[in-house]
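This is the structure I have questions about; it appears just below.
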Amino acid sequence: MMIFIERTTLSSFSEELAKRTENISKGHSKIDGISTGFDELDNLTMGFKPGDLTLITGVDGMGKTHFLLSLIQKIVFEKKYNAVFFSLQMSKQQVLSKILCQQKNISENIVGITNINEMENFPLYLNDFPALTVSDIEETLSCVPPDFAKIIMLDSLELLSINKKDKVGKILNKRELTKIVFKLKNLALKLNIPIVLLSNLKLAQKEIGKNLSRRPTLLDLRTYAPIDTYADLILLLYRPEYYKIKDWDDEENKSTDGEAEIIIAKSNYGKLANVRIKWNVFKDFI
């Protein structure tokens with residue numbers, strides 16, 4: 001089998017890099033892509049860059065999907081970037097309802113159809129078909145207007161399928177998870193746009209029954225599945241308040257009430273650090 005790869009000359013690559021560098025210099029910004037909407041996180045990561053795969057993960061209860069919806073809220077509804085969101089666990093109406101709650105600072109119980117209709121003109125393409133393969137995703141993107149997508153988001157890795165014939169709900173093994181992540185990284189490079197992927201971190205069997213309130217680590221992810229190799233940026237979510245831990249474990253010992261931590265566990269460009277952000281019952285991550 002022959003694989004044909006598009007040729008990119010060194011001069012064309014240099015021109016593109018020079019243009020991106022000039023744009024950063026003119027704007028006096030450290031963003032070399034799409035802003036996350038969180039200033040401190042942008043300063044450390046330089047945003048979501050074209051061709052990059054970002055992996056967001058954490059154990060159950062950390063608010064991974066809520067964090068992704070907060071990113072959509074900031075990227076699409078505030079900064080007006082065109083985005084494509086593949087939601088494999090929530091319907092379109094559920095997604096829009098939750099985003100609207102963040103915008104209006106209201107409970108989902110009082111969100112109505114009229115409110116959701118207000119969001120029709122925003123540049124978000126939503127796909128809520130279950131058990132998609134990476135090929136399905138690429139095929140769907142080919143149906144989206146040319147150059148529409150500036151960023152792709154998926155929720156989540158474990159709900160994707162490796163083959164079209166797989167049954168919905170099939171549990172993927174480590175090898176299959178890694179193969180899907182590899183394909184998504186290649187898709188990001190092929191389309192030259194950032195892809196943000198959610199994953200549900202499962203701790204090793206030996207950790208079960210122990211104190212699970214510690215911060216997740218890159219080693220936890222590698223033990224779960226060696227998918228970190230293909231990610232350019234890995235963010236781990238941690239909310240000590242979920243474990244009823246009242247104070248942060250630093251010198252200041254401030255209250256953990258209404259706060260979460262984004263752990264930059266891997267970055268091909270910026271620094272490795274922990275970023276604290278606010279958590280609100282309605283607005284989620286702000």
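The values are calculated or read from the model by the stated rules, or taken from the named source; none is laboratory data. All values derive from a computational prediction rather than experimental measurement. Here the Cβ positions follow ideal geometry from the backbone for every residue, glycine too, while neighbour counts run over all protein chains shown. Note: areas computed on protein heavy atoms with side chains; ligands, DNA, RNA excluded. Shrake-Rupley method; radii C 1.70, N 1.55, O 1.52, S 1.80 Å.
Under the condition of being part of a loop (DSSP other than H, G, I, E, B) and open to solvent by 70 Å² or more (accessible area, probe 1.4 Å), which residue from the range 210-238 is farthest from LEU272 (Cα to Cα)?
Initial filter on the range 210-238 (part of a loop (DSSP other than H, G, I, E, B)): 210-217, 225-227, 231-232.
Within this subset, residues satisfying the condition of being open to solvent by 70 Å² or more (accessible area, probe 1.4 Å) are 210-212, 214.
Values: LYS210: 27, ASN211: 25, LEU212: 23, ARG214: 18 Å.
Among them, the one singled out is LYS210.
Follow-up question, since we're still on this one. Which residue is modelled with the lowest pLDDT, if the candidates are limited to the range 175-203 and must be open to solvent by 30 Å² or more (accessible area, probe 1.4 Å) and among the aliphatic types (A, V, I, L, M)?
Applying the filter and picking the extreme gives LEU203.
Name every residue in the range 145-185 that is in a loop (DSSP other than H, G, I, E, B) and among the charged types (D, E, K, R), in order of residue number. Show your work before the answer.
Step one: list which residues in the range 145-185 are in a loop (DSSP other than H, G, I, E, B), which gives 145-150, 156, 160-173.
Answer for the range 145-185, where residues must be in a loop (DSSP other than H, G, I, E, B) and among the charged types (D, E, K, R): ASP147, LYS150, LYS164, LYS165, ASP166, LYS167, LYS170.
Considering every residue within the range 249-260, establish whether at least one is within 21 Å of GLY63 (Cβ to Cβ), open to solvent by less than 40 Å² (accessible area, probe 1.4 Å), touching a Gly at 6+ places or on another chain (Cβ under 8 Å) and small (Gly, Ala, Ser).
Taking every residue of the range 249-260 in turn, at least one turns out to be within 21 Å of GLY63 (Cβ to Cβ), open to solvent by less than 40 Å² (accessible area, probe 1.4 Å), touching a Gly at 6+ places or on another chain (Cβ under 8 Å) and small (Gly, Ala, Ser).
Same structure again: Find all pairs meeting these conditions: Cβ atoms under 9 angstrom apart; at least six residues apart or on different chains; first residue within the range 240-254 and farther than 16 Å from ASN274 by Cβ; second residue in a loop (DSSP other than H, G, I, E, B) and open to solvent by less than 60 Å² (accessible area, probe 1.4 Å).
Qualifying pairs under 9 Å: TYR242/GLY61; TYR242/MET62; TYR242/GLY63; TYR242/SER213; TYR243/GLY61; TYR243/SER213; LYS244/SER213; LYS246/THR256.
Now for a different question. Which number in (1) farther than 18 Å from LEU197 by Cα; (2) in contact with a strand residue (DSSP E or B) (Cβ under 9 Å, 6 or more places away or on another chain) marks the one condition that GLU251 misses?
Result: GLU251 fails condition (2) only.
Scanning for something basic (Lys, Arg), at pLDDT 85 or above and over 24 Å from LYS190 (Cβ atoms), does the range 147-158 turn up at least one residue? Walk me through how you get there before you give the answer.
Filtering the range 147-158 down to residues basic (Lys, Arg) leaves 150.
Of the ones still in play, those that are also at pLDDT 85 or above are 150.
Now narrow it down to the ones that are over 24 Å from LYS190 (Cβ atoms): none.
So far as the range 147-158 goes, no, none of its residues is basic (Lys, Arg), at pLDDT 85 or above and over 24 Å from LYS190 (Cβ atoms).
In addition: If you check GLU241 against the conditions, is it charged (D, E, K, R) and in a helix (DSSP H, G or I)?
On the way: charged (D, E, K, R): yes; in a helix (DSSP H, G or I): yes.
Judged against the criteria, GLU241 is a match.
Consider the range 138-156. How many of its residues are β-branched (Val, Ile, Thr) and more than 16 Å from LEU68 (Cβ to Cβ)?
Of the residues in the range 138-156, the ones β-branched (Val, Ile, Thr) are 140, 144, 151-152.
Going one step further and asking which of them are more than 16 Å from LEU68 (Cβ to Cβ), we end up with 140, 144.
Of the residues in that region, 2 qualify.
Still on this structure: Assess whether SER142 counts as being without any contact (Cβ under 8 Å) to a residue 40 or more places away in the chain, assigned to a helix (DSSP H, G or I) and among the hydroxyl-bearing types (Ser, Thr, Tyr). Step through it out loud before you land on a result.
On the way: without any contact (Cβ under 8 Å) to a residue 40 or more places away in the chain: yes; assigned to a helix (DSSP H, G or I): yes; among the hydroxyl-bearing types (Ser, Thr, Tyr): yes.
Criteria met by SER142.
So how many residues does the range 100-139 have that are modelled with pLDDT of 85 or more and either open to solvent by less than 40 Å² (accessible area, probe 1.4 Å) or in a helix (DSSP H, G or I) (or both)? Lay out the reasoning, then the answer.
Taking the range 100-139 first, the residues modelled with pLDDT of 85 or more are 123-139.
This time we only want the ones that are either open to solvent by less than 40 Å² (accessible area, probe 1.4 Å) or in a helix (DSSP H, G or I) (or both), so: 123-124, 126-127, 131-139.
Summing the residues that are modelled with pLDDT of 85 or more and either open to solvent by less than 40 Å² (accessible area, probe 1.4 Å) or in a helix (DSSP H, G or I) (or both) in the range 100-139 gives 13.
Taking the range 159-179, which residues are under 12 Å from TYR224 (Cα atoms) and of a type in the set (Val, Ile, Thr)?
Within the range 159-179, THR178 is the sole residue that qualifies.
Within the range 263-282, is even one residue touching a Gly at 6+ places or on another chain (Cβ under 6 Å), closer than 28 Å to ARG175 by Cβ, open to solvent by less than 30 Å² (accessible area, probe 1.4 Å) and modelled with pLDDT of 95 or more?
no
Quick one: what pairs do we get from the range 77-92, first residue hydroxyl-bearing (Ser, Thr, Tyr), second in a loop (DSSP other than H, G, I, E, B), C-beta under 8 Å, 6+ apart or different chains?
Close Cβ pairs satisfying both conditions: TYR81/PRO123; TYR81/LYS150; SER87/ASP128; SER91/ASP128.
Here's another thing I want to ask about it. Quick check on LYS64: is it under 21 Å from GLN102 (Cα atoms), open to solvent by less than 60 Å² (accessible area, probe 1.4 Å) and either at pLDDT below 50 or under 13 Å from the mean Cα position of the chain (by Cα) (or both)? Working first, answer last.
Details: under 21 Å from GLN102 (Cα atoms): yes; open to solvent by less than 60 Å² (accessible area, probe 1.4 Å): yes; either at pLDDT below 50 or under 13 Å from the mean Cα position of the chain (by Cα) (or both): yes.
Yes, satisfied.
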